[in-house]
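Have a look at the structure below before the remarks.
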Amino acid sequence: MQQTAKVKKKYTLFTGKQLLWLILPIVIEQIFSTSLGMLDSVMISHIPVDGGNASLAVGNVDYINNLIIQLFSAFATGGAIITSQFLGAKDNENANKSAKQMLVLVIIMSLAIGGLCLGLNWPLLKLFYSDVSDEVFGYQQIYFYVTAASFPFIGLFNACAALLRVQRKSMFTMISAAMSCVLNVGLNAIFLFVAKTGVLGVGLSTLVCRAIPAVFMLALLANKKNTVTVKIFEKFRFDGKMLKKILKIAVPSGVESCLFQLGKLMTNTFVNAGCYVQPVLDAAGNPVFNDNGLPATINIQANGNTIANQINNIASVVGGGVGTSCLTVIGQAVGAGDSGQCKYYIKKMFILSYIANGLCTGIILACVPFIVNLYGFALPAKEVGKQCLYFCLCFQFVTYPLSFTTPAILKATSDVKYVMFSAIISMFVMRVGLAFLLTTDKIAGLPQLGAFGYWIGMCSDWVLRSVLFLSRLLTGRWKKASGLIKEPSETPEQLSSAEEGATEPAAEIAQNEENSLQK
């Protein structure tokens, strides 16, 4: 008995090589996807006339677009977690059924939201960006109209990508993202510097480079050789029971992701406030007028914040790629119904997250001066961007894996409600509340720190998220949501209650093991 206890169990659900080929393409894919917004802003900032305002408009609208994208991604993730757990339980029939249900759900939702954003273009932009200049607001309207038309393609892409990842086919999603990035740069160059269509051209480029990869991903998912495949022209009807399983994870994930992006959007409006807008002056100190005959203005803090946000997003992609991989790795471990295996891969993913995040953040930190100088903004805006980046990247070394990889692990175990409530509390208290106090001009006596105040609130949010999520993981309460909890001290009634929130594959396996022990 003693010798048996000392034998270390070897887990082979994912070998080291398989993890590498799962994570690496996801990381590269996210680098391509995240760089789209940055490339748009960099290229449009070099327009000779009003490039700064046009770039600011694109950056502002991207905050709204990212909120919508996160909603699609969260619903796709919810369905993918269920599919992953069915695959872990070797239930391919239900894995295919859950995949089709999720795909149709996301497409319908993306069509509805795209139509809503097209109809509410002006009210939505006025709600979040009432303080920007007329020039910036006009550019925002144009860009938002075109990009809102791409929402159905974003929804389709996210759903297909999530379902391919759970089958360990992340290489396809990487190729698709690379295709999108190359198209975006090429079309931007044509629309901006040849056709000279400005913000409209950037929007059209974004629309095209989202539509083509989405169709490509759907064709890949429809391949009959896949373990999980979607038959496009097959008769379809919603399955209430399966839909309930998906929504049970998708809705809390969607609420959490959307409110997280909403917090970023709200705090960005603090930095766009009128108190930070300055008139543009010539060498003699006289006001400069734009083509419309209106005094030209510039918001140094907002431009610097755009730089910091977009470069920080690039610095986060490697850690984010590991977090996305957790949905497949931990999801399949939960589906297999082995608590020890789950713990093993949780530790492994944490180690990988810290190594990957440290390397990427260190490289970006060393390259900050070079990357910032790619932007065509005024020198003071670049200095603001550098200051914010040096501050936030130092925090990111320690806090990013704890504040973002941990919730991804918890979601993969179906512990989504705790993630939702914790993220919302942290976001409103730190990211929104503290950032408001450090940037607002509405309350006398408070410091108006501009973009730096925004990042103080952001980093404080990372710290609180780390505490809330790590404490949950260490207590082991995530096992109740996953259906893996089987403690001898508990009564059958307690076990039954704990497993009510579990996903079906893990819960069924746990129940079967318990019945075998009783026999």
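The values are calculated or read from the model by the stated rules, or taken from the named source; none is laboratory data. Predicted, not measured: the structure shown is a model, and the values here were computed from it. Methodologically, a virtual Cβ is constructed for each residue, glycine included, from the backbone with ideal geometry; neighbour enumeration extends over all protein chains shown. Ligands, DNA and RNA are excluded from the accessible area calculation, which covers all protein heavy atoms including side chains. Shrake-Rupley method; radii C 1.70, N 1.55, O 1.52, S 1.80 Å.
Which of the helices (runs of 4 or more DSSP H) contained wholly in the stretch 374-428 include at least 3 residues that are free of Cβ contacts under 8 Å to residues at least 60 places away in the same chain?
Where helices (runs of 4 or more DSSP H) fall fully within the stretch 374-428 and carry at least 3 residues being free of Cβ contacts under 8 Å to residues at least 60 places away in the same chain, they are 379-400, 416-426.
Select from the stretch 62-112 the residues that are free of Cβ contacts under 8 Å to residues at least 12 places away in the same chain and of a type in the set (A, V, I, L, M, F, W, C) and write down the one among them that is farthest from Val228 (Cα to Cα).
The residue in question is Ala112.
Taking only the stretch 13-52 into account, find how many residues are modelled with pLDDT under 80 and open to solvent by 90 Å² or more (accessible area, probe 1.4 Å).
2
Modelled with pLDDT under 90 and either polar (S, T, N, Q) or open to solvent by less than 50 Å² (accessible area, probe 1.4 Å) (or both) - does that describe any residue in the stretch 383-400?
Looking through the stretch 383-400, at least one residue is modelled with pLDDT under 90 and either polar (S, T, N, Q) or open to solvent by less than 50 Å² (accessible area, probe 1.4 Å) (or both).
Given (1) out of contact with any helix residue (DSSP H, G or I) (no Cβ under 9 Å at 6 or more places or on another chain); (2) among the aliphatic types (A, V, I, L, M); (3) in a helix (DSSP H, G or I), where does Ala284 come up short, assuming only one miss?
Failed condition: (3).
Return yes or no: is Leu207 touching a Cys at 6+ places or on another chain (Cβ under 7 Å), of a type in the set (A, V, I, L, M) and over 30 Å from Leu410 (Cα atoms)?
no
Taking the stretch 130-145 as the search range and keeping residues that are in contact with a Phe, Trp or Tyr (Cβ under 8 Å, 6 or more places away or on another chain) and open to solvent by less than 30 Å² (accessible area, probe 1.4 Å), which one is modelled with the lowest pLDDT?
Filtering the stretch 130-145 for residues that are in contact with a Phe, Trp or Tyr (Cβ under 8 Å, 6 or more places away or on another chain) and open to solvent by less than 30 Å² (accessible area, probe 1.4 Å), the one modelled with the lowest pLDDT comes out as Val136.
Report, by residue number, each residue of the stretch 67-121 that is closer than 21 Å to Met217 by Cβ, open to solvent by 40 Å² or more (accessible area, probe 1.4 Å) and of a type in the set (D, E, K, R).
Of everything in the stretch 67-121, just one residue is closer than 21 Å to Met217 by Cβ, open to solvent by 40 Å² or more (accessible area, probe 1.4 Å) and of a type in the set (D, E, K, R), namely Lys97.
Can you confirm whether the stretch 182-200 contains a residue that is free of Cβ contacts under 8 Å to residues at least 60 places away in the same chain, open to solvent by 60 Å² or more (accessible area, probe 1.4 Å) and outside any helix (DSSP H, G or I)?
yes
Which members of the stretch 365-374 meet the condition of being open to solvent by less than 20 Å² (accessible area, probe 1.4 Å) and at pLDDT below 90?
none
Quick check on my filter: what residues within the stretch 66-84 are hydrophobic (A, V, I, L, M, F, W, C) and either touching a Gly at 6+ places or on another chain (Cβ under 6 Å) or closer than 18 Å to Lys100 by Cα (or both)?
Leu71, Phe72, Ala74, Phe75, Ala76, Ala80, Ile81, Ile82
Is it fair to say Gln301 is of a type in the set (S, T, N, Q), more than 30 Å from Val136 (Cα to Cα) and part of a helix (DSSP H, G or I)?
No: the conditions fail for Gln301.
Residue by residue through the stretch 294-309, note down the ones that are at pLDDT below 85 and out of contact with any Leu (no Cβ under 8 Å at 6 or more places or on another chain).
Correct list: Leu294, Pro295, Ala296, Thr297, Ile298.
From the list Gly320, Gly358, Gly340, Gly362, exactly one residue is under 17 Å from the mean Cα position of the chain (by Cα) and open to solvent by 10 Å² or more (accessible area, probe 1.4 Å). Which is it?
Gly320
Within the stretch 313-351, how many residues turn out to be at negative phi and not in a helix (DSSP H, G or I)?
1
What is the number of the single condition among (1) touching a helix residue (DSSP H, G or I) at 6+ places or on another chain (Cβ under 9 Å); (2) over 29 Å from Leu449 (Cβ atoms) that Lys241 does not meet?
So the condition that Lys241 fails would be (1).
Kindly list the number of the only condition in (1) open to solvent by 40 Å² or more (accessible area, probe 1.4 Å); (2) modelled with pLDDT under 90; (3) farther than 26 Å from Cys342 by Cα; (4) not polar (S, T, N, Q) that fails for Phe377.
Phe377 satisfies all of (1) open to solvent by 40 Å² or more (accessible area, probe 1.4 Å); (2) modelled with pLDDT under 90; (3) farther than 26 Å from Cys342 by Cα; (4) not polar (S, T, N, Q) except (1).
Looking at the stretch 243-264, can you tell me whether even one residue there is within 30 Å of Phe75 (Cβ to Cβ), of a type outside the set (Ser, Thr, Tyr) and loosely packed, with under 15 Cβ neighbours inside 10 Å?
Yes: the stretch 243-264 contains one or more residues that are within 30 Å of Phe75 (Cβ to Cβ), of a type outside the set (Ser, Thr, Tyr) and loosely packed, with under 15 Cβ neighbours inside 10 Å.
Would you call Val208 of a type in the set (A, V, I, L, M, F, W, C), farther than 30 Å from Phe86 by Cβ and open to solvent by 50 Å² or more (accessible area, probe 1.4 Å)?
yes
With respect to Ile232, is the statement that it is open to solvent by 50 Å² or more (accessible area, probe 1.4 Å) and out of contact with any His (no Cβ under 7 Å at 6 or more places or on another chain) true?
yes
Consider Gln167 carefully, then state whether it is of a type outside the set (A, V, I, L, M), open to solvent by less than 60 Å² (accessible area, probe 1.4 Å), over 18 Å from Gln70 (Cα atoms) and part of a helix (DSSP H, G or I).
no
Does Phe350 qualify as being within 19 Å of Trp462 (Cβ to Cβ) and either open to solvent by 10 Å² or more (accessible area, probe 1.4 Å) or under 18 Å from the mean Cα position of the chain (by Cα) (or both)?
yes
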